[in-house]
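As structure tokens, the structure follows; a few thoughts come after it.
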Amino acid sequence: MAKSSSPTGLRQFLSLDHQQEWLDGKSDLPDSIERTESLEHRFKYAARFEKLLRRPQGREVLDLLRLYGPACIPIPRQTERFYWSVSCLPSTSDKPLVRVNASWMELFTLYADGEGVRARFILHLSDFTTDGSATPNLMDQAFLEQSVAAPEDLSWFFPSGPDMFIVKLRGAASIRQFIANPRALRAIRNFNLTHMNRGRNAYQASHSYSVADHMLPD
């Protein structure tokens, strides 16, 4: 008789029922009190964190991550680095300030926009259509425009790949309003659950503990 496969990703820590309750905002998940941390790894990116703090957007970035971390990542202390990570000033061509990843996927990225910030969310298209399908022509534009501070702060596109949707927002006010919107928050959580359930995070080596300090609830 074949052995049953071991659970992967978040299923090692949370049943699918508990994940669904969190997704729907019906329960808070108990998290670890302690963090598993490498001081050597912390010091590796300490200089980048200090550089981020010297940027005009530094404090705004940390404030937005304080909102994003507890709201959008399940049991963030227990899963830190190994199932999600945050990179500080990663050396990629698009020059982000910070980027949150899980598995092999980018989840959330913040960029400089003049003296302010802009954001990119990668999400499931089916969470933003009028019928729950992954059909671009049925994207609920009215809802998206109502979920931000001003419609001109919003843009989007459909990347290659099934059920994929990218939302771009300009300005901290619209980023905050989008995360606070119940339907948008559920969509963010849903995409994050999908990729945290796929297995170990491929970006562990670039995790910035100093940035993560500001993402974890007290």
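What follows is calculated from the coordinates using simple rules that are stated; it is not laboratory data. Nothing here was measured: the structure is a model prediction, and the numbers come from that model. We place every Cβ from the backbone using ideal geometry, glycine too, and count neighbours over all the protein chains shown.
Can you compute 3J(HN,Hα) from phi for each residue in the stretch 198-208, using the Karplus curve 6.51 cos²θ - 1.76 cosθ + 1.60 with θ = phi - 60°, rounded to whole Hz and x for Gly and Pro?
Karplus-based 3J(HN,Hα) across the stretch 198-208 equals 7, x, 5, 6, 7, 10, 4, 5, 9, 5, 9 Hz.
May I ask you to sort HIS18, HIS195, HIS207, HIS41 by Cβ crowding, counting other Cβ atoms within 10 Å and putting the fewest first? Present the calculation step by step, with values, prior to reporting the outcome.
Details: HIS18 18, HIS195 21, HIS207 24, HIS41 15.
Arranged by neighbour count, lowest to highest, HIS18, HIS195, HIS207, HIS41 become HIS41, HIS18, HIS195, HIS207.
For an R0 of 25 angstrom, estimate the FRET efficiency from the Cβ-Cβ distance between GLU34 and ALA112 and round to the nearest 0.05.
FRET efficiency, GLU34 to ALA112: 0.15.
So how do GLU106, GLU21 line up by other beta-carbon neighbours within 10 Å, fewest first?
Numbers: GLU106 18, GLU21 15.
In increasing order of surrounding Cβ atoms, one gets GLU21, GLU106.
Just rank PHE178, PHE157, PHE143, fewest to most, by other beta-carbon atoms within 10 angstrom.
PHE157, PHE143, PHE178
Mind running the shape call on the stretch 23-157? Use the C-alpha gyration tensor, a ≥ b ≥ c as the square roots of the eigenvalues: rounded below 1.5 for a/c, prolate if a/b tops b/c, oblate otherwise.
In terms of gyration-tensor shape, oblate.
Using the Cα centre of the chain as origin and beta-carbon charges of +1 (Lys, Arg) and -1 (Asp, Glu), tell me which of LEU123, SER174, SER103 is placed farthest towards the positive end of the dipole.
SER103
Would you grab the residues whose amide H sits under 5 Å from the one on ASP113? Only those 5+ places off in sequence or on another chain, please, with H modelled 1.01 Å from N.
Those lying under 5 Å, H to H, from ASP113 are ARG118.
At 0.36 nm per residue, minus the direct Cα-Cα distance, what do TRP104 and ASP218 gain on full extension? Give it in nm, one decimal, please.
Stretched out fully, the TRP104 to ASP218 stretch lengthens by 38.2 nm.
Label the stretch 114-218 by shape, choosing from rounded, prolate and oblate, from the square roots a ≥ b ≥ c of the eigenvalues of the Cα gyration tensor; if a/c is under 1.5 it is rounded, and otherwise prolate applies when a/b is larger than b/c, oblate when it is not.
oblate
Please work out the Cα center distance from the stretch 8-23 to the stretch 48-70, rounded to the nearest Å.
The two parts, judged by their Cα centres, are 29 Å apart.
Take the Cβ-Cβ distance between ARG59 and SER15 as r, set R0 to 30 Å, and report the resulting FRET efficiency rounded to the nearest 0.05. Don't skip to the answer; put the middle values down first.
Details: r = 38 Å, r/R0 = 1.27.
Between ARG59 and SER15 the formula returns 0.20.
For the chain, what is the mean residue ellipticity at 222 nm derived from helices alone (per DSSP H run of n ≥ 4: -39500 (n - 2.57); sum divided by total residues; nearest 500 deg cm²/dmol)?
Details: 9 runs with 76 residues, N = 218.
The per-residue figure over the chain is -9500 deg cm²/dmol.
Calculated FRET efficiency, ASP131 and ASP24, Cβ-Cβ r, R0 25 Å, to nearest 0.05? Walk me through the intermediate numbers first.
Working: r = 19 Å, r/R0 = 0.78.
After rounding, the FRET efficiency stands at 0.80.
Residue farthest toward the positive end of the dipole of the stretch 1-93, with Cβ of Lys/Arg at +1 and Asp/Glu at -1: which of PHE82, THR92, SER27?
Looking along the dipole axis, the top candidate is THR92.
Please state the shape class of the stretch 165-218: rounded when a/c is under 1.5, otherwise prolate if a/b exceeds b/c and oblate if not, all from the C-alpha gyration tensor.
Since a/c reaches 1.5 but b/c is at least a/b, the shape of the stretch 165-218 is classed as oblate.
Quick one: what are the phi-derived ³J(HN,Hα) couplings along the stretch 153-168, Karplus 6.51/-1.76/1.60 with θ = phi - 60°, whole Hz, x for glycine and proline?
Whole-Hz 3J(HN,Hα) from phi for the stretch 153-168: 7, 10, 8, 7, 7, 10, x, 5, x, x, 6, 10, 8, 10, 10, 10.
Once phi is turned into θ = phi - 60°, what whole-Hz ³J(HN,Hα) does the Karplus curve with 6.51, -1.76 and 1.60 give for every residue of the stretch 33-41, x standing for Gly and Pro?
Working through the residues one at a time gives 7, 8, 10, 8, 9, 10, 5, 4, 5 Hz.
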